[in-house]
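The values are calculated or read from the model by the stated rules, or taken from the named source; none is laboratory data. For clarity, every value in this text was computed on a predicted model and none was experimentally measured. Please note: Cβ atoms are built from the backbone with ideal geometry, for glycine as well, and neighbour counts cover all protein chains shown.
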Amino acid sequence: MNYPLKPLLLAASALLLATACTNEDNQPDIVDITRPIDLRLSPAAPVTADTKVAIDGTDFASADEIGLYLAWTDGATAQVPITSSIAQTTWQGNAFSGESLYWQNTADHHTLYAYYPYADGVTGYQVPVTLPAMQTATDEASRNILYGTFSGKAQSSVTIEMGHCMSVVNITLEKGAGYGATDPLPDITDVVLSGSYHTSGTLDLATGEVTADAAGTTSPITTYLNGTTYRAILLPGETLGNIVITTEDGTTYTYRPTETVTTKANTQYNFTLQLNKAEVTLGDLDILQWGTTEATGGANMNIPAGN
């Protein structure tokens, strides 16, 4: 039987193409261990959109410096503790800014530990963390502690998304009772998280957990204006207290929470407060995961007005 030549050629070509694609897909990841590790570092993407790139962006600025550790032991088949690190360095501008890191072989597990911002002179894998009592937009990036790891065999390229280790409070003020549709809110002098908040702590590079210095200084925290939202970064483990709003004429309004809320890592606390002529009331409180990559934990919940 004679078959048309063209369909046979097309079928053969399709088979060859499919075979080539399959073979290409099954190619092993070839790693050259004589070359530095090809690494990509980025902050985890925010769960909710925000216009403040410095704190909720997905890229580091060229001046941002990240600390890196490479841990490896001969024959490792799982995550290697940071106490077995064989090299440490820094990363800046999408490249190693200190000594380059190398895979030791292609058979063993290696673990990379990354943290931001880099701190010089770290001892015992414990990084000091400090928070100013009066926070500003210019120092927010350096207070936004990030952490991430990679554990596995050598790869031709590694990407680490670094999760948020701290907590963030966002306060939005709205007009409440006593204000007409065209009446503006009074000018706000400051918005303060009243109470005793720790201003120092420690980042454990083995786990990515930040803990407050129990013997350290505590203070109320003055928020800073981020667009139309007042914001402050806090250590995990703090109990949120009163929020005191002061207007330009010296009038103060105090919101007193009716629920006990304890801050967690990688979690944002979004208050909507209604400023009435005589008092301030809760419009809404959303407790949301901050970034898509968990550093140490988080929770999502909503506390509406009246609770």
Tell me the strands (runs of 3 or more DSSP E) entirely within the stretch 1-109 that contain at least 3 residues that are of a type in the set (S, T, N, Q), outside the structural domain of Ser157 (by TED's automatic domain parsing) and modelled with pLDDT under 95. none
Residue pairs meeting the criteria (Cβ under 6 Å; at least 6 apart or on separate chains; first more than 14 Å from Asp190 (Cα to Cα) and modelled with pLDDT of 95 or more, in the stretch 236-252; second buried (at least 17 other Cβ atoms within 10 Å of the Cβ) and of a type in the set (Gly, Ala, Ser)): Pro236/Ser167; Pro236/Ala265; Gly237/Ala212
Just one of Ile160, Ile171 is surrounded by 15 or more Cβ atoms within 10 Å (Cβ to Cβ), more than 17 Å from Pro117 (Cα to Cα) and β-branched (Val, Ile, Thr); which is it? Ile171
Does the stretch 120-129 include one or more residues that are in contact with a helix residue (DSSP H, G or I) (Cβ under 9 Å, 6 or more places away or on another chain), crowded, with 20+ Cβ neighbours inside 10 Å and of a type outside the set (Ser, Thr, Tyr)? yes
Residue check, Thr207 modelled with pLDDT of 95 or more and β-branched (Val, Ile, Thr): yes
The strands (runs of 3 or more DSSP E) lying entirely within the stretch 175-277 that contain at least 3 residues which are out of contact with any helix residue (DSSP H, G or I) (no Cβ under 8 Å at 6 or more places or on another chain) and assigned by TED's automatic domain parsing to the domain that holds Leu112 are none
Which one of the conditions (1) loosely packed, with under 15 Cβ neighbours inside 10 Å; (2) in contact with a strand residue (DSSP E or B) (Cβ under 8 Å, 6 or more places away or on another chain) does Thr182 fail to meet, given that it meets all the rest? (2)
Tell me which residues, restricted to the stretch 137-155, are modelled with pLDDT under 95 and more than 17 Å from the chain's Cα centre (by Cα). Thr138
Tell me, yes or no, whether the stretch 143-153 has at least one residue that is over 24 Å from Ala206 (Cβ atoms) and not in a strand (DSSP E or B). no
